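Just below is one structure, and these are the notes that go with it.
The values are calculated or read from the model by the stated rules, or taken from the named source; none is laboratory data. Just so it is clear, the structure is predicted and the values come from calculations on it, not from any experiment. Backbone-built Cβ (ideal geometry, glycine too); neighbour counts: all protein chains shown. Remember, those area values only see protein heavy atoms, side chains included, never the ligands or the DNA or RNA. Shrake-Rupley method; radii C 1.70, N 1.55, O 1.52, S 1.80 Å.
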Amino acid sequence: MNLDLILTFVILGITIILFMSNLIRADLVAVMGLLAFVLAGILSPAEALVGFSNSVVIMVAGLFIVGAGILHTGLAQMASKFVLRSAGKSENKLFVILLVIVALIGTFMSNTGTVAIMLPIVVSIAISIHSSPSKFLIPLSYVASFSGLLTLIASPANLIVSETLVENGYKKLGFFDITPVGLVGVVTGILYLYLVRNKLLPKGKKRGGSEDEHQLSPKQLSVDYQLGGRLYKVQVPEESVMIGKRLSQLKIPATYQLYILKIVRKSQEGLNLLPIRYQEMAGPTSVIQPKDVLYVQGSLENIEKMVKDFGLTIDEEQSEADELVSKQLGIAEVLLTPHSKFINQTIRGIGFREKYNLNILGINRQGQFVLKEPSKQRLRFGDALLVQGSWDSIELLAQETNDVVVVGQPQVHARKAAASGKAPVAAGIILLMVFLMVFEVFPTVISVLIGSVLMILTGCLRNMDDAYSQVNWETIVLVAAMLPIATALEKTGGMLILSEIIIKTMGGFGSLGVFAGIYLLSMIFGQFISNTATAILFAPIAMNAALTIDANPYTFLIAVAVASNMAFATPVASPTNAMVMTAGGYKVFDFVKVGIPLMAVVFVVMMFAIPFFFPL
């Protein structure tokens, strides 16, 4: 045994121990292991960093963006409501229905894509029933792995073993050849997870929507501040004397005690073939144009005076307060800090609108809402201000920590507002992505990138910054840093030595013994390298072993395909495990205590199932 081989197993062993200890973040452990291989001279820098350009890593990043689009547009909530209606009040029935849906989706696309689509839906369902996502997400990942055995295209491992058969002069696997084995695996997995979910799965912290979250939403704020009774829409006809004048010239607040909050107008850009409208926050420099729609806050009596004086028209019905929230504009609550220089000053005196480009719609003073002429009020410590303006301005205000504190998460509300009404668009993008994957129009990673780009271009996500913020970079680094381990094992001859040991050790038990050894070895190493890498390394080993002992190559290669997908014992065993680890708040040991017994059960089942459908 050479020194490089010994060092490889030492580094791999230390890495596994650190993963298990949970003392250091998993992504940092993975990078440390990668550096150790380079410093030991086992991997070159190019070999060590190749994982960061791997298509799997790029695909996982793209799928995070696609998943965010599903969540922000409300598509996840719509899907979760449908599932909840189907399950009724039974959480047990809900658990099984979810896993069956996961298996069905996973039949025609990768387990990584399946988890990316279902993750926001499952989290939404868990929150809606006031349960912990941790009770659902490990099962989501595991059943997605099982679903990789249902069709030829459902897992790269299946395609790899099929190609190995062709390279050795055998007929390739058919689209549904592996399906009977996969069905056995899916049923076994769902049954096991159903039985152990209340004993082995972590309970976690329930993440149902709290009262605070409810009260801080823009919709609830508009109700609390009673905006609905004081908001009206006013139309500007072409003959109005307002046209062409700045709001500062009109002196509407001083004359009528009214506040124009936003202006909606037809876009003047392009050919104007469609009635495209946009909106902006009303400010002193805003110039009134023909056919503008003004959102005005104040009493109806004063609005009627303004309408008469300027030749305007008023909508008979009051505007809904949530019309103040859109892709561009929003509302938020702001608290004064104890040492704020705004205390004892009037809103008009501090130039709040000029400084922050935001309107103040009202003041919450010890539970009493001051809505009439708030700009003349002197601010007191403990006052809460309701502000309105662009989401960008609100987010900038959130960084002003000396004088004010923005309550809640304006970025989250901005994302939801931007994607409002886009659920059908997100659904269409998902269907397109799945279609491209199923029919292999493009490589899978390209199909995912098309889906993620469309999510941004169609407004399902606000912008590129929003898209980048949705990527779980811990997962990306973890997967990318672990992929080169397969290269280290292959270069040092570790895989070949272990396979020879298995054949010599298990050969005395006949073809069934070697078959079991190949399965076990593939499954064990599949806990630390990807299923694709496992299949690439073990498919030729399994073929050689089968030919050496004159056994059926299909049986041995199906064993490699199955075992490669049984990556349950560690969060680095599969990208899907890494994806659910953060969302479910799991520790490494959670995968160990749930995954190892499942692997043992499946091993016993597959020792009968695979030879039954593919005789030795």
With of a type in the set (D, E, K, R), in a helix (DSSP H, G or I) and within 30 Å of MET579 (Cα to Cα) as the only criterion, which of GLU500, GLU490 stands out? GLU490
Kindly list the number of the only condition in (1) of a type in the set (D, E, K, R); (2) touching a Ser or Thr at 6+ places or on another chain (Cβ under 8 Å); (3) assigned to a loop (DSSP other than H, G, I, E, B) that fails for GLU474. (3)
Just need a number here: residues in segment 573-589 that are surrounded by 24 or more Cβ atoms within 10 Å (Cβ to Cβ) and of a type in the set (A, V, I, L, M, F, W, C). 5
Among (1) under 16 Å from the mean Cα position of the chain (by Cα); (2) surrounded by fewer than 21 Cβ atoms within 10 Å (Cβ to Cβ); (3) at pLDDT 85 or above; (4) not hydrophobic (A, V, I, L, M, F, W, C), GLY451 falls short only on (2)
For ALA545, indicate whether it is at pLDDT below 90, surrounded by 24 or more Cβ atoms within 10 Å (Cβ to Cβ) and under 17 Å from GLY51 (Cα atoms). no
Assess whether GLY229 counts as being under 18 Å from GLN289 (Cα atoms), exposed (fewer than 14 other Cβ atoms within 10 Å of the Cβ) and either at pLDDT below 85 or not aliphatic (A, V, I, L, M) (or both). no
Checking ILE190 against (1) in contact with a strand residue (DSSP E or B) (Cβ under 9 Å, 6 or more places away or on another chain); (2) open to solvent by less than 40 Å² (accessible area, probe 1.4 Å); (3) modelled with pLDDT of 85 or more, which single condition isn't satisfied? (1)
Considering residues of segment 388-404 that are within 20 Å of HIS339 (Cα to Cα) and open to solvent by less than 70 Å² (accessible area, probe 1.4 Å) only, the residue modelled with the lowest pLDDT: GLU400
Any chance segment 122-143 includes a residue that's under 21 Å from GLN527 (Cβ atoms), touching a residue at least 60 places away in the same chain (Cβ under 8 Å) and surrounded by fewer than 22 Cβ atoms within 10 Å (Cβ to Cβ)? yes
Determine if segment 504-515 includes at least one residue that is closer than 18 Å to GLY185 by Cα, open to solvent by less than 10 Å² (accessible area, probe 1.4 Å) and modelled with pLDDT of 85 or more. yes
Looking only at segment 160-184, how many residues end up being in a helix (DSSP H, G or I) and over 21 Å from VAL102 (Cα atoms)? 8
How many of the residues in segment 526-536 are open to solvent by 20 Å² or more (accessible area, probe 1.4 Å) and either of a type in the set (D, E, K, R) or modelled with pLDDT of 70 or more (or both)? 4
Residue count, segment 92-103 (criterion: in contact with a Ser or Thr (Cβ under 9 Å, 6 or more places away or on another chain) and exposed (fewer than 13 other Cβ atoms within 10 Å of the Cβ)): 1
Long-range neighbours under 8 Å by Cβ, at least six apart or interchain, first residue under 13 Å from ILE485 (Cβ atoms) within segment 22-50, second of a type in the set (Lys, Arg): ILE42/LYS491; LEU43/LYS491
In segment 442-500, what count of residues is obtained for those that are within 21 Å of ALA36 (Cα to Cα) and of a type in the set (Val, Ile, Thr)? 7
Boolean, ASN168 is open to solvent by less than 20 Å² (accessible area, probe 1.4 Å) and among the polar types (S, T, N, Q): no
State which residue pairs qualify: first residue in contact (Cβ under 8 Å) with a residue 40 or more places away in the chain and inside segment 344-358, second residue assigned to a loop (DSSP other than H, G, I, E, B) and open to solvent by less than 20 Å² (accessible area, probe 1.4 Å) in any location, beta carbons under 8 Å apart, and separation of 6 or more residues or different chains. ARG353/GLY283; ASN357/GLY283
Residue hits (segment 561-616; outside any helix (DSSP H, G or I), farther than 11 Å from GLY526 by Cα and of a type outside the set (A, V, I, L, M, F, W, C)) are PRO571, GLY585, TYR586, LYS587, PRO615
LYS593 is checked against (1) open to solvent by 10 Å² or more (accessible area, probe 1.4 Å); (2) at pLDDT below 85; (3) under 31 Å from the mean Cα position of the chain (by Cα); (4) farther than 14 Å from SER145 by Cα and fails just one. What number does that condition carry? (2)
Tell me, which residue of segment 555-572 that is at pLDDT below 90 and over 18 Å from ALA600 (Cβ atoms) is least open to solvent (accessible area, probe 1.4 Å)? PRO571
Consider GLY382 against the criteria (1) in contact with a Leu (Cβ under 9 Å, 6 or more places away or on another chain); (2) open to solvent by 40 Å² or more (accessible area, probe 1.4 Å); (3) modelled with pLDDT of 80 or more; (4) not charged (D, E, K, R): it satisfies all of them except one. Which criterion is unmet? (3)
